[in-house]
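K.L.:
Quick one: structure below, then a few questions.
What follows draws every value from the coordinates through simple rules; no lab data is involved. Not measured: the values here are computed from a predicted model. Because the Cβ atoms are built from the backbone with ideal geometry, glycine has one as well, and the counts that use them run over all protein chains shown.
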Ligand code: TRP
């Protein structure tokens, strides 16, 4: 094992880092469009229930294991294992998490690169560089590759600086800015014609959809992706929390902030789409559904901004700054997972580990850029729809069926001595043991 481990210096620091991980493209892009195409508030309702009933307990499992072991996912899962078989399973699950999160980062980086390019485009336009602006918003291999590189350099730089001087410092700067920009944008968009139709599409529930299996699967996938679960991200952040910290409380704050920001993002994206419609920008695809995929962010919204004239340039800058911040505070939490493993397990120096692993992931990203059509959707599906729920399931099994109940209790009691008599200890252990694993599998096999 290497030098002393990093630790977050305050509750606020941890909250910003963990919320920064949780709040990403998944919240601002995935959630609103999922809601729009799945019955508006009916999806919102299902999502809220699943987030607190399934995802929050799984988040707690990771935070508790992490803080207990104070180590990367592989070492942590091995430390709570008993016997040869579970130690082997620990190695496999920990490692599968590291590989999964690296592949998630490899596609996430591409989309994040688009966000930075779209952030620079209106700036180029303001500076009168129309040619550059056009290049920035046009899908090309060179542009995509260049922005993958830029985004990965930012991610590697922050992770090289460590937990306190990298992750915590940047998350505490960026997350408050994100919330401020989001509020300003919502305030502005809601004043525009058409916005109220969007709000209605978002907030008026179509409850006939609540029992639709497709909606359940979407909502669970969304909740797991959004809380960064199953791959050891929250485990490693948990391992940097001070022992005095009350885990059930900080865990619920992270879940609340994540869900809250997703819900707020819906109040920006859906009204913006209907404002676009009112301005003559098409928002429905050929099948009659709302445009939800990449087309929404990289074509519908930019088209909307350009109908707004001069103000639109600033709205575009603010919007893509928001997206870039959301991406960056998430991508650092992904890179931290393999880097912590390299540092702790193989004794590599942090900076070196960040650069080597970061470059490897960049290479994978560039391969996806070069073979976008066959690879992109495949990597997204395999990592987020296949691997992530299965690993989330495995984490629940570890904490509930392999680890000693007393070990868990002792860990939580460090920062919250009264936990044994509170609601958390009455509900959570039963949940992760009997409800979460079968529920995850059930939804998975839908
Ligand atoms: N939660 C982030 C989002 O909503 C993405 C993310 C960060 C993530 N770390 C992760 C997703 C680990 C899966 C696994 O965009």
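K.L.:
Please report, in whole Å, how far the alpha carbons of the stretch 239-390 spread along each principal axis, starting with the longest.
P.N.:
The principal-axis extents, from largest down, are 58, 43, 35 Å.
K.L.:
For the stretch 204-270, what does the convex hull of the Cα positions come to per residue, in cubic angstrom?
P.N.:
Spread over its residues, the Cα hull of the stretch 204-270 gives 120 Å³ apiece.
K.L.:
When every alpha-carbon pair in the stretch 304-370 is counted, what percent end up more than 13 Å apart?
P.N.:
So the portion of pairs separated by more than 13 Å is 72 percent.
K.L.:
While we're here: With a cut-off of 8 Å between alpha carbons and a minimum separation of six or more residues, what is the relative contact order of the stretch 73-227 in percent?
P.N.:
After rounding, I find 12 percent.
K.L.:
What residues of the stretch 190-223 lie in the reach of a label at residue 53, counting those whose backbone N is under 17 Å from a point 7 Å from the Cα along Cα→Cβ?
P.N.:
Within reach of a label on residue 53, which here means backbone N under 17 Å from a point 7 Å along Cα→Cβ, the stretch 190-223 contributes 207-223.
K.L.:
Give the separation of the Cα centroids, the stretch 209-267 to the stretch 122-155, in Å.
P.N.:
32 Å
K.L.:
Now for a different question. Expected output is a single nm value to one decimal: the length gained when fully extending between residue 279 and residue 345, i.e. 0.36 nm times separation in residues minus the C-alpha distance. What is it?
P.N.:
18.2 nm
K.L.:
Quick one, can you get me the convex hull of the C-alpha atoms of the stretch 56-169 expressed as volume per residue in Å³?
P.N.:
Cα convex hull per residue, to the nearest whole number: 142 Å³.
K.L.:
So what's the gap between the Cα centers of the stretch 52-76 and the stretch 79-107, to the nearest angstrom?
P.N.:
Here the answer is 13 Å between Cα centres.
K.L.:
Relative to the longest principal axis of the chain, what angle (0 to 90°, nearest 10) does the C-alpha long axis of helix 83-126 take?
P.N.:
With both axes taken from Cα atoms, the answer is about 20 degrees.
K.L.:
Hey, what's the Cα Rg ratio for the stretch 20-123 versus the globular rule of thumb, 2.2 N^0.38 Å?
P.N.:
Ratio of Cα Rg to 2.2 N^0.38 Å: 1.41.
K.L.:
For the pair residue 418 and residue 164, what calculated FRET efficiency results from E = 1/(1 + (r/R0)^6), where r is the Cβ-Cβ distance and R0 = 30 Å, to the nearest 0.05?
P.N.:
0.50
K.L.:
Compare the peptides 305-311, 111-117 by average per-residue count of other Cβ atoms within 10 angstrom and give them in order, highest first.
P.N.:
Put in order of decreasing packing, that is 111-117, 305-311.
K.L.:
Another one. Which semi-axis lengths, in whole Å and largest first, follow from the square roots of five times the eigenvalues of the Cα gyration tensor of the stretch 1-47?
P.N.:
35, 11, 8
K.L.:
Could you work out the relative contact order of the chain, using alpha carbon pairs under 8 angstrom and six or more residues apart, expressed as a whole percent?
P.N.:
Averaging sequence separation for qualifying contacts and normalising by length gives 35 percent for the chain.
K.L.:
Output the 0 to 90 degree angle, nearest 10, between the alpha-carbon long axis of helix 350-370 and the longest principal axis computed from the alpha carbons of the chain.
P.N.:
Once rounded, one gets 50 degrees.
K.L.:
Using the Cα atoms of the chain, I'd like the radius of gyration and the largest Cα-Cα distance, Dmax, both in angstrom.
P.N.:
21.3, 67
K.L.:
With every atom except the alpha carbons ignored, what do you get for Rg and Dmax of the stretch 338-446, in angstroms?
P.N.:
19.6, 56
K.L.:
What order do you get for 84, 349, 286, 62 when you list them from fewest to most C-beta neighbours inside 10 Å?
P.N.:
Listing 84, 349, 286, 62 from fewest to most nearby Cβ atoms yields 286, 84, 349, 62.
K.L.:
Could you give the spread of the C-alpha atoms of the stretch 403-446 along their three principal axes, from largest to smallest, in whole angstroms?
P.N.:
41, 20, 13
K.L.:
Rank by packing, highest mean first: peptides 38-51, 17-30, with packing defined as the count of other Cβ atoms within 10 Å averaged across residues.
P.N.:
Ranked by mean Cβ neighbours within 10 Å, highest first: 17-30, 38-51.
K.L.:
Tell me the angle of helix 310-346 to the major Cα principal axis of the chain, expressed in degrees between 0 and 90 and rounded to the nearest ten.
P.N.:
20 degrees
K.L.:
So, one more: What order do you get for 259-267, 364-372 when each peptide is scored by the mean count of other beta carbon atoms within 10 Å, highest first?
P.N.:
259-267, 364-372
K.L.:
Follow-up. Tell me what the chain gives for mean residue ellipticity at 222 nm when only DSSP H runs of n ≥ 4 count, each as -39,500 (n - 2.57), the sum divided by the residue total, rounded to 500 deg cm²/dmol.
P.N.:
Taking each H run of at least 4 residues, the total per residue is -23500 deg cm²/dmol.
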